[in-house]
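Shown next, in structure tokens, is the structure this report addresses.
The values are calculated or read from the model by the stated rules, or taken from the named source; none is laboratory data. All of these numbers come straight from a predicted model, not from anything done at the bench. Cβ atoms come from the backbone with ideal geometry, glycine included; neighbour counts cover every protein chain shown.
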Amino acid sequence: MLNPYSQKNYWKVFTLLIIFVNVALNYTCIAQNAKRPNIVFIMSDDHAYQAISAYDHTLIETPNIDRIAKKGMLFTNACVTNSICAPSRATILTGKHSHKNGKVDNVSAFDTNNVTFPQLLQKAGYQTAMFGKLHFGNSPKGFDQFKILPDQGNYYNPDFITKQEGNIKVSGYVTDIITDMTLDWLQKERKKDKPFMLMYLHKAPHRSWLMAERHMKAFTQKKFLEPATLFDSHEGMPAAEVAQMNIHGNMGWAGDSKVNPEIMDELGLKEIGVDKIRYKAEIGRLDTPQKANFDAAYKPVMDEFKKRYPTMTDKDLAKWQYQRYMQDYLGTIKSVDENVGRVLDYLEANNLMDNTIIVYTSDQGFYLGEHGWFDKRFVYDQSFKTPLLISWGNHIKAGSKSDVLVQNLDFAQTFLDIAGVKQPADMQGKSLLPVLTGNMKNWKRDAVYYHYYEHPSEHNVNRHYAAECIKKCGAIRFMFLKNHLRIAN
Ligand code: SGN
Ligand code: CA
């Protein structure tokens, strides 16, 4: 028997005690970490909710993205604070409106003095990683690993800025590559004794809508239903008259509709902006086999167009451009859906579904021909609203739907809340935890605020701000445009 009072044994007891405390502390830490939920934040770029079958079956089936809604919750009133790429990402990371985090448009640099939720999660013991499009002009803080596209990135054989390997170029198709990187990290780098927060961020379906080779033949032959407002006169929408987002008139023949520049010259088609340069910049990146597949799919389309062109009216051309737009845009989404499926399969196969909150969203919505438009920016429904699907094991009722007004401003606080990390007092959103868990007595929101700043700029959308207010009779959206107040829904 060890006598703790003897001088010799005192040190033995003391050492044993230290070992015991250490083991106990480590064990508690591992147990706590194991319990804290993992976060998988999946975001695509410019993915309209109209192009997700969980919302609408008209245009495309997205069985894998839909899996998230089947296991969890589909939000029908998720919106953004500023419908453009980098500002949306800044709002998501900081939990602050554009005027507070400083990233009001795509041009200004992101102020890295901002505190972001990944930094806070990392400090709290989360392993953090980001793969794909960030669009900030600087690297993200608070990540143990990242591989990001420079600026907008490219669809084929893209370059990446990486945390550990410097700048690299990877052969292949961007959506597949971002997924390979994500799966690689999950398989080889994820530390099993820590919770993780993974940002898996697609470039697709951003302009100029270049799909994977494997989908080109099928998608270039598809026909899609036209939206009722494809030929909108924009009556009562004063800013719409000067905006340059019209499918017929502002889309490039080469860069967008993929009409070969030589065919443009042959037909006498007028170049829109730097249309031909955009075509060459994207298509010129394809290697020989990739280009052969591209030609095999697009040449028959262009041959047919050449034949029809002499007899086509403006209306015929608009209809043709709408079909070309949908074929390419939706073709890129097909790969996003397949690849989301690969990540979900991995999480399922590795028993990670129960303790992982999975979010699918877009940096904003997008016009798919509504009002005759493409692009976003305006606070009308299709770009103000964004898709949002969230699953989280048994914490969220499978197959549930919420029409509560939520914003991309809410993600930061939601993630901090579920990770048990203190939410900074200057964050401006709300944790969605009560909504996700059906605890609605703890949820209250009367209105959300919107502000679009990027003007003068591409697409010429005037600056405007808006508020959507919840009234007993439903939601009303007020839009302030050049000091004129209008109702925008
Ligand atoms: C590019 C696109 C625009 C798009 C902006 C912003 N033109 O400039 O159509 O509105 O990005 O998009 S392109 O000819 O270069 O494709 S965002 O999603 O990054 O905000
Ligand atoms: Ca975008």
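One line per residue, one yes/no per condition, for (1) touching a residue at least 40 places away in the same chain (Cβ under 8 Å); (2) within 16 Å of ligand 2 (Cβ to nearest atom):
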site	(1), (2)
363	yes, yes
378	yes, yes
389	yes, no
414	no, no
417	no, no
440	no, no
448	yes, no
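The single residue among 69, 129 that is more than 16 Å from ligand 1 (Cβ to nearest atom) and under 30 Å from residue 219 (Cα atoms) turns out to be 69.
Selection over the stretch 184-212 of residues that are away from ligand 1 (no atom under 16 Å from the Cβ), in a loop (DSSP other than H, G, I, E, B) and among the charged types (D, E, K, R) gives a count of 5.
Does at least one position in the stretch 123-145 carry a residue that is assigned to a helix (DSSP H, G or I) and either crowded, with 23+ Cβ neighbours inside 10 Å or more than 16 Å from ligand 2 (Cβ to nearest atom) (or both)?
Our first condition is that a residue be assigned to a helix (DSSP H, G or I); within the stretch 123-145, this holds for 123.
Add one more test, that the residue is either crowded, with 23+ Cβ neighbours inside 10 Å or more than 16 Å from ligand 2 (Cβ to nearest atom) (or both), and what stays is 123.
Yes: the stretch 123-145 contains one or more residues that are assigned to a helix (DSSP H, G or I) and either crowded, with 23+ Cβ neighbours inside 10 Å or more than 16 Å from ligand 2 (Cβ to nearest atom) (or both).
Being outside the structural domain of residue 415 (by TED's automatic domain parsing), among the β-branched types (Val, Ile, Thr) and modelled with pLDDT of 95 or more holds for only one residue in 175, 220, and it is 220. Report whether or not residue 378 is modelled with pLDDT of 95 or more and crowded, with 18+ Cβ neighbours inside 10 Å. Against the criterion (modelled with pLDDT of 95 or more and crowded, with 18+ Cβ neighbours inside 10 Å), residue 378 does not qualify. Within the stretch 88-102, the set of residues being more than 13 Å from ligand 2 (Cβ to nearest atom) and either touching a residue at least 40 places away in the same chain (Cβ under 8 Å) or under 14 Å from residue 140 (Cα atoms) (or both) comprises 93, 94, 95, 96, 97, 98, 99, 100.
Look through 385, 397, 422 and report the one residue that is assigned by TED's automatic domain parsing to the domain that holds residue 108, of a type in the set (Lys, Arg) and crowded, with 16+ Cβ neighbours inside 10 Å.
Working: 397 fails: crowded, with 16+ Cβ neighbours inside 10 Å; 422 fails: crowded, with 16+ Cβ neighbours inside 10 Å.
After ruling out the rest, the residue left standing is 385.
Within the stretch 154-183, being within 30 Å of residue 326 (Cα to Cα) and in a loop (DSSP other than H, G, I, E, B) holds for 154, 155, 157, 158, 170, 171, 172.
Taken across the stretch 297-313, residues that are touching a residue at least 60 places away in the same chain (Cβ under 8 Å), of a type outside the set (D, E, K, R) and under 13 Å from residue 215 (Cα atoms) do occur, with at least one present. The single condition among (1) within 27 Å of residue 65 (Cβ to Cβ); (2) touching a Gly at 6+ places or on another chain (Cβ under 9 Å) that residue 232 does not satisfy is (1). Considering 239, 204, the condition of being surrounded by 14 or more Cβ atoms within 10 Å (Cβ to Cβ), among the small types (Gly, Ala, Ser), assigned by TED's automatic domain parsing to the domain that holds residue 154 and touching a residue at least 24 places away in the same chain (Cβ under 8 Å) is satisfied by 204 alone. Report whether or not residue 235 is over 26 Å from residue 217 (Cα atoms), assigned to a loop (DSSP other than H, G, I, E, B) and modelled with pLDDT under 95. Taking the combined requirement at face value, the residue satisfies it. The set of residues in the stretch 68-87 that are more than 14 Å from ligand 2 (Cβ to nearest atom) and either farther than 30 Å from residue 398 by Cβ or assigned to a loop (DSSP other than H, G, I, E, B) (or both) comprises 72, 76, 77. Evaluation of residue 235 against the conditions (1) under 25 Å from residue 303 (Cβ atoms); (2) over 24 Å from the mean Cα position of the chain (by Cα); (3) not hydrophobic (A, V, I, L, M, F, W, C) shows that the sole unmet condition is (1).
Return yes when residue 369 is in contact with a helix residue (DSSP H, G or I) (Cβ under 8 Å, 6 or more places away or on another chain), at pLDDT 95 or above, within 16 Å of ligand 1 (Cβ to nearest atom) and more than 25 Å from residue 177 (Cβ to Cβ) and no when it is not. The answer is yes for residue 369. Of note, residue 254 does not satisfy the criterion of being aliphatic (A, V, I, L, M), in a helix (DSSP H, G or I) and closer than 24 Å to residue 216 by Cβ. The residues listed here are 236, 252; of these, the one that is of a type outside the set (A, V, I, L, M, F, W, C) and either within 16 Å of ligand 1 (Cβ to nearest atom) or farther than 30 Å from residue 480 by Cα (or both) is 252.
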